[in-house]
1. Restricting to the stretch 20-47, name every residue that is β-branched (Val, Ile, Thr), within 19 Å of Arg76 (Cβ to Cβ) and out of contact with any Leu (no Cβ under 9 Å at 6 or more places or on another chain).
2. Could you check the stretch 112-123 and list, in sequence order, the residues that are surrounded by fewer than 21 Cβ atoms within 10 Å (Cβ to Cβ) and either in contact (Cβ under 8 Å) with a residue 40 or more places away in the chain or not in a helix (DSSP H, G or I) (or both)?
3. Just to be sure I understand, how many residues within the stretch 74-89 are of a type outside the set (A, V, I, L, M, F, W, C), open to solvent by 50 Å² or more (accessible area, probe 1.4 Å) and more than 15 Å from the chain's Cα centre (by Cα)?
4. So Ala107 fits all but one of (1) modelled with pLDDT under 90; (2) surrounded by fewer than 16 Cβ atoms within 10 Å (Cβ to Cβ); (3) closer than 22 Å to Ala28 by Cα; what number is the exception?
5. Could you check the stretch 69-86 and list, in sequence order, the residues that are farther than 8 Å from Ala9 by Cα and either aliphatic (A, V, I, L, M) or modelled with pLDDT of 95 or more (or both)?
6. Quick one: would you say Met6 is open to solvent by less than 60 Å² (accessible area, probe 1.4 Å) and touching a helix residue (DSSP H, G or I) at 6+ places or on another chain (Cβ under 6 Å)?
7. Taking the stretch 28-50 only, how many residues are open to solvent by less than 60 Å² (accessible area, probe 1.4 Å) and of a type in the set (Ser, Thr, Tyr)?
8. At least 3 residues that are among the hydroxyl-bearing types (Ser, Thr, Tyr) in each: list the strands (runs of 3 or more DSSP E) lying fully within the stretch 1-79 that qualify.
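The values are calculated or read from the model by the stated rules, or taken from the named source; none is laboratory data. Note that the structure is predicted; figures quoted are calculated from it, not measured. Ideal geometry is used to build each Cβ from the backbone, glycine not excepted, and the neighbour counts take in all protein chains shown. Keep in mind that these areas ignore ligands, DNA and RNA; they rest on the heavy atoms of the full protein, side chains included. Shrake-Rupley method; radii C 1.70, N 1.55, O 1.52, S 1.80 Å.
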Amino acid sequence: MHLTQMIYASTMTDPLSLDLVVQVLDTARDRNPRHGVTGMLVFGTERFLQLIEGPPEAVNRLYRNLVADPRHRDLRLISAGPVAARRFPDWSMGFWTVARGASPAAASGEQGRFAPHSLTPDAALRLLDELAGQAKRSAA
């Protein structure tokens, strides 16, 4: 099976409550398995960092939907391309909110705020891996 991985950062047009973010997350967790999509979402105030992976057509369709979604602005594609294996195979969509306890890497950016738009692809992967580890430990 061919797999594509995409990492993007975005800013919400209007601030969302954590409850609304969780509702969007629940929808993704319901839909993603049907399309073979897995990944990780990080939310910090009004900014998102997300890694999505799966069949190229499903990942590209999802990204096109995000680009067209009026709730997002400043969408920045950090990396995209084929991968040999999934990074988050067990999660239809893992989740971490920076408010739950940010790592030092998560708080990098202007005045200590979560600044995913400035991450390089390698830094984004390191941050996602670190926060995924924290999420798994807090769930245990």
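1. Listed by number, the list holds a single entry, Thr45.
2. Arg113, Ala115, His117, Thr120, Pro121 - these are the residues of the stretch 112-123 that are surrounded by fewer than 21 Cβ atoms within 10 Å (Cβ to Cβ) and either in contact (Cβ under 8 Å) with a residue 40 or more places away in the chain or not in a helix (DSSP H, G or I) (or both).
3. Within the stretch 74-89, residues that are of a type outside the set (A, V, I, L, M, F, W, C), open to solvent by 50 Å² or more (accessible area, probe 1.4 Å) and more than 15 Å from the chain's Cα centre (by Cα) number 1.
4. Here Ala107 clears every test but (3).
5. Selection gives Ser79, Ala80, Gly81, Pro82, Val83, Ala84, Ala85, Arg86.
6. Spelling it out, Met6 is indeed open to solvent by less than 60 Å² (accessible area, probe 1.4 Å) and touching a helix residue (DSSP H, G or I) at 6+ places or on another chain (Cβ under 6 Å).
7. Here the count works out to 1.
8. Values: elements: 3-12, 38-44, 47-54.
Once the strands (runs of 3 or more DSSP E) in the stretch 1-79 are filtered for at least 3 residues that are among the hydroxyl-bearing types (Ser, Thr, Tyr), what remains is 3-12.
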